[in-house]
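Some notes on the structure that comes next.
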Amino acid sequence: MQHPDSYPYGTTREDLRIPLADGTELYARIWRPVTDQPVPALLEYLPYRLTDWTAPRDAQRHPWYAGHGYASVRVDVRGHGNSGGLPGDEYSAQELADGVAVVEWLAAQPWCSGRVGMFGISWGGFNSLQIAALAPPALQAVVTVCSTDDRYDNDVHYMGGSLLAVDMHAWSATMLAFVGRPPDPKYVGEDWRRIWRSRLEAVDPFIHPWLSHQTRDDYWRHGSVCEDYGAIKAAVLAVGGWADPYRDTVLRLVEHLDAPVRGIIGPWSHQYPDRGLPPGPAIGFLQETLRWWDHWLKDVDTGVLAEPALRTWMNESVPPATVYANRPGRWVGDESWPSPDVREIHYGLDDVLRTAGTSSLDRFVRVRSPQHTGVDAGRFFPFGNASDLPPDQREEDGRSVCFDTTPLPEPVEILGNTSVRLRVRCDTRRGQVIARLCDVAPDGSSTLVTRGVLNLTARQGRDRVVEWTPGSVEEVEFSLVSIAHAFPAGHRIRLALSSAYWPWIWPQPDAAGFEIDPGHSVLALPVRHLAADAGSAPITFESPEQSVGLDVQHTEPLTARPERQVLRDVATGEWRLEVDPNYGGSRRYPDGLIFDEQAVEAYRILTDDPLSATTRSDWTVRLQRPDLGWDVTVRTRSEITCDATHFTTRSRLTALEAGDVIFERDWERRIPRTAS
């Protein structure tokens, strides 16, 4: 990582409050260049607490932008961090209206040129697009990273119409702990206790609305910019990673936006591409975004529109592993998306692809997976940790029905969304199909390439529930998550089908599975021409560069636990996955704050009982300022169980000051299983 010795501008930093029309004030930190001339403003707008949780990451980029001639602004969302007001649901109308007001306030400042850009990763990438769709005139450019245009089918809640047990639960539990954190008395003074109490009284676990809306309805349409791409007028640079679940959004934005747009998808996880976290290689992301800002906010021709519409990292084949420091591959460019250099090639499941041990006289093949199929799925949101990515898939393949090619005579490169068209017979009213695409090496090792899910009740659309007529046969089709991958000659392409995928996908009440007719079923691969790059200039990026980060001291735990472990009780048939999300652990900040964060997620199921599925998450967050005598703790517990007709959620939030409980509340909801 390079840290510049000098910048074109000196910089200043100021903490202030941005007033809103209803009297609420949002806490902001602004880095500005030292100049008498007005400059454009860049806004990152998040609920994740700018004075502690995101402070290390903020210090790497906001001062850098300021040093290159921008007022770079980090703002805490209403009801979070040191901002005023009460917390609400994610991406609420209030949050977005506040964001528009912040954009307008920035544009009106005497030090601002009146032109504003927004950027962010994940939540900040989401609301950048959502606010752009509201089209405040001052907002002229956006850089959105690891974000989605579709809150229902490409977020942490549902996938292919099926409930995402792993992150529907985990993220709602995380946000219960995050929302419960108090403002910091160093920045808000003695009023912190009153503000904290009012926030605690306003908390309602996110799991309640998320689980109550099991199909794509108006709740999910709000904030999903895919509902009206034409509403976005600002120029959009969309960035994603092949190890991040939101990557399809980059392809859709490049395809559908009327506004100027460019897309970049690298090998990365759910992180900014300059941070150097696995899988790399990292790029000079700040320099690349500076080109975007300079073009759209300063009218400097930086050549950004001469770049291909889509630049992607073509992953080379690798042995399976849960982490790669750097993923081998190369950059490729496509002038449009869909690309004329990518064509759909069909592989018949009884022709090019074959399943072992199936009699040619048996028309249908039964798929009935044990309920713990999926324990080797890896993390839904890879963060660059050591256990994030899926291990060798041979055990998962053994719990699935697999269709393999013969060893490939020549390389096959794919880019985009693989899809499957299956002729299915199902004897139950509800079910789900999980498809995994794997790269099988000559030694038999199986590396996951991509995967997809279809809730059979969502086969006619994600906005409706159409139960299956038991015993009937239908053709269904669905896409797998996009990928760029090069299958080498001598390897086999494997399609693995299963009826369970715990804990990613919450199981349907019946474990009967389904049958498929290979003779009328097809795998469609988006094959990119091997000579597509012939004559094209190589795609390159500068080396990563950041401003010097904060000197945060991390403390190793006295007793370390594995990040991810699978436990099996052979006698009872119980499988238990325990996960430490490892968002940062314990650390001490330069301003004296001691921040301790501990969490464990547990996912339990019996191999033959889908109704045994249980998720649980326990969080403890402790904040201390010894110089102020301030010591507060937030503890949460979240759990989801089910029966054949309902989900039951239980949540608890406990707040302590100096070891004494000052607030505690329990919630329990019984929510009908309308779709999942």
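A short reminder: the numbers here are calculations on the coordinates, not readings from a lab. Worth saying up front: this structure is predicted, and the values here are computed from it rather than measured. Heads up, the Cβs are rebuilt from the backbone with ideal geometry, glycines too, and the neighbour counts pull from every protein chain shown.
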- Query: In debye, nearest 20: dipole of the chain around its Cα centre with unit charges on the Cβ of K, R (+) and D, E (-)?
  - Reply: 620 debye
- Query: For the chain, what proportion of DSSP beta bridges, expressed in % and rounded to the nearest 5, is antiparallel?
  - Reply: 80 percent
- Message: Just to check I understand the Karplus step: with θ = phi - 60° and J = 6.51 cos²θ - 1.76 cosθ + 1.60, what whole-Hz values come out for segment 33-48, glycine and proline as x?
- Response: x, 7, 7, 8, 8, x, 10, x, 10, 10, 10, 10, 10, 9, x, 8
- Mind listing which chymotrypsin sites (Phe, Trp or Tyr not before Pro) in segment 512-576 are in a DSSP loop and have 10 or fewer other Cβ atoms within 10 Å? none
- Per-residue ellipticity at 222 nm for the chain, helices alone: DSSP H runs ≥ 4 residues times -39500 (n - 2.57), over residue total, nearest 500 deg cm²/dmol? -4500 deg cm²/dmol
- Here, Leu550 and Asp609, labelled 7 Å along Cα→Cβ, have an inter-label distance in nm of 4.6 nm
- Message: Kirkwood Rh over alpha-carbon pairs of segment 342-528, then Stokes-Einstein at 4 °C and 1.567 mPa s: what D in µm² s⁻¹, rounded to an integer?
- Response: 77 µm²/s
- Task: Determine the distance separating the Cα centre of segment 213-288 from the Cα centre of segment 541-591; give it in Å without decimals.
- Result: 25 Å
- Amide H neighbours of Trp268 at under 5 Å, excluding residues fewer than 5 places away on the same chain, with H built from the backbone geometry, are Trp242, Ala243
- Message: I'd like the Karplus ³J(HN,Hα) series for segment 79-84: coefficients 6.51, -1.76, 1.60, θ = phi - 60°, whole numbers in Hz, and an x wherever there's a Gly or Pro.
- Response: x, 10, x, 9, 7, x
- Item | Peptide ranges 525-535, 85-95 listed from the most packed, as the mean C-beta count within 10 angstrom indicates | 85-95, 525-535
- Would you kindly derive the ³J(HN,Hα) couplings of segment 492-499 from the backbone phi angles with the Karplus curve 6.51 cos²θ - 1.76 cosθ + 1.60 (θ = phi - 60°), listing them in order in whole Hz, with x for Gly and Pro? 10, 8, 10, 9, 10, 10, 9, 9
